[in-house]
Amino acid sequence: MIKNRIVKKEYSREKPIKKSHPKQKLKRNLRKYRISHKIRFEKPFFRFWFRYIEPNINDLEENNFEKVLKLIQNDFENFVSLTYEELSNELIKDRFTNILSTGSYWDIKIELDILTALEDGKIVVGECKWKNSKICKKTLTSLQKKCKAANIEADFFALFSKSGFSNELLKNRDKNILLFDLEDLKEWAGRKAPYRKKEKIPYSFEF
């Protein structure tokens, strides 16, 4: 599937665990720990197909469309959440032009939706929430704690929300806290792929 460009391997950016001195004895769980990578679908369509269509192909062939549609509807929010995370990463690329690397990040301690390294040495970390409630300060605090646990010194904290942000977060945020909602995504999408109404060409009946 990798050769056919259906899936791709996303390599972890986690650094190997280092001993503080040559004779240091690591704990058993750390000695056994291996950095893991992830497999991602190249396109959302492939992910949709192998999540909903291929596993239910027999029902579809038997015209059990309502059954499959209900399954999709019950799970679709989970499906969209990863797509939203990927689009949020594109928004970061649009906001910062001096990017060295960007994408999700995971290690033995934490997992981040977005970690972006800039050419000037600054770090941007992001959290994406595709849910029907506003993001509050608790989400920001949780993100900051993750960074502290992984010894990541973030310069910017980016929060992406489907449903907006609490008044507390909007009123009491620092300059290093970036907030993005669906309007920001729509604006970005409009600039990337502007809709152009095609001019209709009348039929000619001349022979």
Go through the stretch 101-146 and give me each residue that's farther than 21 Å from ARG34 by Cα, in a helix (DSSP H, G or I) and either in contact with a strand residue (DSSP E or B) (Cβ under 7 Å, 6 or more places away or on another chain) or without any contact (Cβ under 8 Å) to a residue 24 or more places away in the chain (or both). LYS138, THR139, LEU140, THR141, SER142, LEU143, GLN144, LYS145
Which count do you get for residues in the stretch 72-85 that are touching a residue at least 12 places away in the same chain (Cβ under 8 Å) and under 16 Å from the mean Cα position of the chain (by Cα)? 8
Taking the condition surrounded by fewer than 17 Cβ atoms within 10 Å (Cβ to Cβ), acidic (Asp, Glu) and under 24 Å from ASN151 (Cα atoms), does GLU90 pass? no
Looking only at the stretch 57-67, decide whether some residue is β-branched (Val, Ile, Thr), free of Cβ contacts under 8 Å to residues at least 12 places away in the same chain, closer than 24 Å to PHE45 by Cβ and part of a helix (DSSP H, G or I). yes
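A short reminder: the numbers here are calculations on the coordinates, not readings from a lab. All figures in this text were calculated on a predicted structure; none of them were measured in a lab. A quick note on method: Cβ atoms are made from the backbone with ideal geometry, for glycine too, and the neighbour counts reach across all protein chains shown.
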